[in-house]
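Trainee: I have a structure I would like to understand better, so I am pasting it below and will then ask my questions one at a time.
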């Protein structure tokens with residue numbers, strides 16, 4: 001148990017790490033709790049070319065830069081998962097309990113837990129997840145070198161990660177349930193020039209098929225004709241959206257109906273001393289730079305809360 005924490009940040013992605021940089025610079029004793037690798041979704045992004053002043057930056061390198069800056073300023077990193085937050089009516093001793101039983105007492109809390117990939121509701125998903133079916137092309141494309149894979153989705157992540165994999169695998173099928181993409185034109189132009197990427201628009205995945213050990217194919221349906229066909233692939237990667245990482249908050253009246261967090265006009269949650277930042281927020285655009293902006297504002301709000309006593 002630690003009785004001398006000023007700020008506890010839940011989540012070590014761009015929003016949480018930016019918050020830590022600001023609170024540490026303000027002289028606040030800062031602890032970041034992260035259950036995975038610091039950097040969040042940055043670690044699953046091969047290349048970042050839209051972060052101001054840092055073009056063509058590998059995702060994991062950018063996450064290391066965020067982390068090192070926060071640690072060098074005095075923030076501490078704890079690997080663990082938050083089970084619950086409570087005693088929130090207290091001004092100086094809000095409590096954060098981890099799954100290992102450790103409890104931190106803190107004046108302020110910044111929630112920056114982000115999102116997790118949505119599950120594709122098709123036959124074979126549960127059976128083959130982790131056995132050829134995954135959610136991170138950057139992490140696993142090398143396992144399919146020289147083979148064919150399918151990437152399911154029509155947004156920025158699906159298209160950008162397909163470009164990355166095109167230099168590793170033999171062929172990529174991008175399966176998009178909608179008639180058009182929701183991605184940047186510059187990315188789509190690059191896809192058009194790739195001979196080993198085949199785009200299937202307005203197409204649904206019906207099932208993921210294989211043997212007892214791994215994925216062997218997918219069955220798809222053309223939504224225009226209702227025609228079904230099987231495509232042989234060794235790997236499937238889904239990019240169909242995100243769900244909030246907020247289960248530990250369900251009993252605190254912080255969440256909106258959709259499981260995300262809505263801030264008031266002052267940038268606060270409905271509990272004094274508890275703030276939120278990044279992709280856990282109810283907002284339209286979820287980018288690295290906007291997450292960092294959210295993290296900055298949350299940190300400044302937490303600092304102001306403590307300074308006002």
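Computed from the coordinates by the stated procedures, all read-outs in this text should not be read as laboratory data. Keep in mind the model is a prediction, meaning the values are calculated, not measured. Neighbour counts are summed over all protein chains in view; Cβ atoms, including those assigned to glycine, are modelled from backbone coordinates with ideal geometry.
Trainee: Let me make sure I get this right: for the chain, a, b and c are the square roots of the gyration tensor eigenvalues over alpha carbons, sorted descending. Under 1.5 in a/c it's rounded, otherwise prolate if a/b > b/c, else oblate. Which is it?
Mentor: prolate
Trainee: Can you give the FRET efficiency to the nearest 0.05 for residue 268 and residue 201, using r as the Cβ-Cβ distance and R₀ = 35 Å?
Mentor: The pair residue 268/residue 201 has a calculated efficiency of 0.25.
Trainee: Moving on. If you count the DSSP beta bridges with both ends in the chain, what percent of them are antiparallel, to the nearest 5?
Mentor: 40
Trainee: Using a Förster distance of 22 Å, how high is the FRET efficiency between residue 223 and residue 192, based on the Cβ-Cβ distance and rounded to 0.05?
Mentor: Computed FRET efficiency for residue 223 and residue 192: 0.50.
Trainee: Neighbour counts of other C-beta atoms within 10 Å: give me 48, 78 arranged from fewest to most.
Mentor: Ordered by Cβ neighbours within 10 Å, fewest first: 78, 48.
Trainee: Tell me the relative contact order for the chain as a rounded percent, counting alpha carbon contacts under 8 Å between residues six or more apart.
Mentor: Relative contact order here is 21 percent.
Trainee: Determine, for each peptide in 40-47, 250-257, 123-130, 155-162, the mean count of other beta carbons within 10 angstrom over its residues, then list the peptides with the highest first.
Mentor: Packing order, densest peptide first, comes out as 155-162, 40-47, 123-130, 250-257.
Trainee: In nm, give the distance between the simple-model label positions of residue 164 and residue 91, each being 7 Å from the Cα along the Cα-to-Cβ direction.
Mentor: 4.7
Trainee: Which order do 221, 301 fall in if you start with the one that has the fewest other Cβ atoms within 10 Å?
Mentor: Placing the least packed residue first, the sequence is 221, 301.
Trainee: Right, here's the next one. Would you calculate the convex hull of the Cα atoms in the stretch 160-309 and tell me its volume per residue in Å³?
Mentor: Convex hull volume per residue, Cα atoms: 187 Å³.
Trainee: Same structure again: For residue 178 and residue 247 in one chain, what is 0.36 nm times their gap in residues minus the Cα-Cα distance, to one decimal in nm?
Mentor: Length difference between fully extended and current span is 21.8 nm.
Trainee: Ignoring solvent entirely, what values of log10 I(q)/I(0) come out of the Debye formula for the stretch 12-70 at 0.13, 0.17, 0.24, 0.25 Å⁻¹ when each Cα is a single scatterer?
Mentor: -0.33, -0.54, -0.93, -0.99
Trainee: Shifting gears a bit: What order do you get for 292, 214 when you list them from fewest to most C-beta neighbours inside 10 Å?
Mentor: With the sparsest Cβ surroundings first, the list reads 214, 292.
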